[in-house]
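Some notes on the structure that comes next.
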Amino acid sequence: MDKLGLALHLADTLLTDGGFSFDQWTEGTPRTGYAVSVNPECNRQYVGRVSPLDVYDYMHTFDSILGEPGKVFGAWRDSETGITHLDVSTVVADSDKALTLAREHGEIAVWDYANGAEIRTDSVSV
């Protein structure tokens, strides 16, 4: 799939599922580990709908870092604020390490791939 087609697919997934993770190396979603954003320069926030053009522009802007092993393109809509976040996430195997990294970087949550669930940094103690 070309980048424009991928952007259309990911924007649709974001709209219907509330988020996505995309690994350029595997061309899919990780199945295990925890996604944590540790590259604040890559964080973008949107109020309202994120368009396919927004997704495409993001992919183009951060193409280099998204191509690094262990990095995934992530998007999620914060149900508490209605803000949609696009970011580059690092996949970490250990939940405690992921939560510690998230707190160190001022992140709201990590994503648990195995359980398909958000873990908010303020909801658990490490």
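At what distance in angstrom do the alpha carbon centres of the range 46-71 and the range 1-44 lie from each other? If we compute the Cα centre of each part, the gap is 8 Å. Estimated from the Cβ-Cβ distance and a Förster radius of 35 angstrom, the FRET efficiency linking R120 and S51 is about 0.80.
If you filter the range 1-84 for chymotrypsin sites (Phe, Trp or Tyr not before Pro), then keep DSSP loop positions with at most 16 other Cβ within 10 Å, what is left? Loop-located and lightly packed - W25.
With the Cα gyration tensor of the range 59-122 giving a ≥ b ≥ c as the square roots of its eigenvalues, does the rule (a/c under 1.5 for rounded; else a/b larger than b/c for prolate; else oblate) give rounded, prolate or oblate? Could the numbers behind the result be given before it?
On the way: a/c = 1.76, a/b = 1.22, b/c = 1.44.
Oblate is the answer for the range 59-122, as a/c is 1.5 or above yet b/c matches or exceeds a/b.
Checking every one of the trypsin sites (Lys or Arg not before Pro) in the range 12-57 against DSSP loop status and a limit of 15 other Cβ atoms within 10 Å picks out R31, R49.
In the range 3-120, Cα pairs under 8 Å separated by at least six residues give a relative contact order of 34 percent.
Only the coordinates and a few stated rules stand behind these numbers; no lab work does. Model, not experiment: these values are computed from the prediction. Virtual Cβ from ideal backbone geometry, glycine too; neighbours counted across all protein chains shown.
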